[in-house]
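Single-structure report; data block below.
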Amino acid sequence: MINSTLRCFTQKGPHVSRHFLRFAARFSVASLAAVLSMAAMACSSAATGAAEAPNALTTASPVVVGTVQADSAAPARGNSPVAQAPADPALPLTFSGQEALRHVKHLAETIGSRESGGAKEREAARYIEGQFALNGYQARQQPFQFEMYEARSSSLQANASGAASIANSPLHFSQGGKVTGPVVRAGMGRPEDFPAGGLKGAVALVERGTLTFTDKVTNAAAAGAAGVVVYNNVAGRFDGNLGRSGSTIPAVSIAKEDGDRLAGLLATGGLEVTLDVDAGKQQLQSQNVVAQAGDGCRVVIGGHYDSVPAGPGANDNASGTGVVVELARVMKPVAAAKQLCFVAFGSEELGLWGSRRYVEGLAPAEKTAMVAMINLDMVGVGETWRLFGSDSLSGPALASAQAAGAVVDGFSGEGRAGGGGSDHASFIQAGLPAVFIHRQNDPNYHTPEDKAQFTRPELLETAGKIAVELVSLLVSG
Ligand code: BES
Ligand code: ZN
């Protein structure tokens, strides 16, 4: 080990050696053995990689992370009940962009769109679990539930002769239900705006402005209203939001013009309306897929595998998932000793649910032991590499990108905008260090055109190299 490490140092370009030594020097407690073993891994990955490559886009050489080993714990390829399209058993333990692309194709083309909480997401989970198992992991699914609010339709019908239905939109997170009652003007929705007798059984007609929608609807409900109609204070319609706590009665928004019309009708006599909102919370079932080789997870390498319903989600995020699965394969020989865990997160697209649930499930000791989470999301398309994450990881992350031959347009730290919308955020929010590796400017983001044919294997490979470098810098063993 020491000999090969030293040989490697002398063979490597001066630039890689410098970056590694500078980094190693920052580890005040690192033992010589640990430094050397980190160096060996950095060496083995950089030696055949494109550390000197001027442009990451042309990188194609494989990353060697270990030697081929017989693993008695690994099931025979193709025997797993959930495994499909097993990897070629003759494949060397080098990161292959083509192998990662094979997973992208399976997820985005064979399975297709993998809506959060849906049957296709479950099918994808079984595929990923099977691939982990084929590579010798005790893979498991971590099921979880989450609530999704959905407003399906709404109608507002004035029951006076000649008064037609009124265009409206449910306030987001409004309670569903059908109510009929007299319209009662309720000003801005403050208790002092309400008539002396309260709003019992009424549909309160409230003007937009001054108070939050939540306060307006909560006040009206407390005064006995059966429903709320908020009319705009400028011309046209609008969409309002009540926040996650929602409401106890149906509430919709309408245009200022319609609000004025209702107020006019009210002035000439009583007016009864029927408000019908078909909306509510749906309980959805999803799952993370976890491959763990050792006793714990010092580094979590993850990415989400669900997609938006609009498209097949090849780049967002079969690309990151394919890289995670391929990383699990090539890092198997060191995964137990380094305590690496590979996680495919479910239902990211509806609010980072999988990563939030994963982090919630960690015991305090597991959190303390975690050195980093590496999030791979949208790594197969786009113009430039971007890194985002915990300030403490900016040095190793930038060094890893450089060693992998990736041209990066900087590192955005936690305090800065631009990186909140993916699974690393769940870790950072829980105080755990995380790095987000992605490329920006995918023209097909969240569209039906997010297809596997646009995924570039050389980019998947560079993403894999960055992760390999980062692991080797962060964890000895
Ligand atoms: N994959 C994206 C995040 C992303 C965007 C990565 C651009 C790389 C470049 C993710 O699936 C997504 O769509 N996130 C949402 C927010 C999320 C909470 C639904 C977003 O960024 O708007
Ligand atoms: Zn997305």
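Since every read-out is calculated from the coordinates, none of them should be taken as a lab result. Just so it is clear, the structure is predicted and the values come from calculations on it, not from any experiment. Note: ideal-geometry Cβ built from the backbone for every residue, glycine included; neighbour counts use all protein chains shown.
Tabulated data for the structure shown
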read-out: Contact order normalised by residue count of segment 141-259, Cα under 8 Å, 6+ apart, percent; value: 29
read-out: Rounded to whole Hz, the Karplus (6.51, -1.76, 1.60) HN-Hα couplings of segment 240-247, x for glycine and proline; value: x, 9, 9, x, 4, 6, x, 8
read-out: Nonlocal amide H pairs with residue 172, under 5 Å, H built at 1.01 Å; value: 240, 241, 242
read-out: Selection of GluC sites (Glu not before Pro), segment 343-395, meeting DSSP coil and at most 16 other Cβ within 10 Å; value: 383
read-out: 12 Å Cα-Cα reach of residue 451 towards aspartates and glutamates, excluding residues that sit fewer than 8 places from it in its own chain; value: 109, 316, 442
read-out: For residue 114, distant residues with modelled amide H under 5 Å away; value: 307
read-out: Segment 354-458, relative contact order in percent, only Cα pairs under 8 angstrom and at least six apart counted; value: 42
read-out: Estimated FRET transfer efficiency when R0 is 45 angstrom, pair residue 237-residue 119 (beta carbons, to 0.05); value: 0.80
read-out: Hz values of 3J(HN,Hα) by residue in segment 262-275 - Karplus curve (6.51, -1.76, 1.60), Gly and Pro given as x; value: 4, 4, x, 5, 4, 5, 9, x, x, 9, 10, 10, 10, 10
read-out: Neighbour cut-off at most 13 other Cβ (10 Å), DSSP loop, trypsin sites (Lys or Arg not before Pro), segment 323-431; value: 416
read-out: Taking 242, 134 and counting other C-beta atoms within 10 Å, the order from fewest to most; value: 242, 134
read-out: Sites residue 215 and residue 263, calculated FRET efficiency, Cβ-Cβ separation with R0 22 Å, nearest 0.05; value: 0.55
read-out: Ranking of 147, 469 by count of other Cβ atoms within 10 Å, fewest first; value: 147, 469
read-out: Segment 328-371 shape via C-alpha gyration tensor axes, a/c threshold 1.5; value: oblate
read-out: Two-decimal Rg to Rh for segment 149-281 - Kirkwood Rh, Cα set; value: 0.92
read-out: Stretch gain in nm, segment residue 365-residue 391, where the contour uses 0.36 nm per residue and the Cα spacing is subtracted; value: 7.1 nm
read-out: Residue 244/residue 165 FRET efficiency (R0 30 Å; Cβ-Cβ; nearest 0.05); value: 0.55
read-out: Per-residue HN-Hα couplings for segment 347-356 [Karplus 6.51, -1.76, 1.60; θ = phi - 60°; Hz; x = Gly/Pro]; value: 6, 5, 5, 9, x, 6, 4, x, 5, 5
read-out: Sequence of 95, 144 once ranked by neighbouring C-beta atoms within 10 Å, starting from the fewest; value: 144, 95
read-out: Segment 226-319: trypsin sites (Lys or Arg not before Pro) in DSSP coil with no more than 12 other Cβ atoms inside 10 Å; value: 244
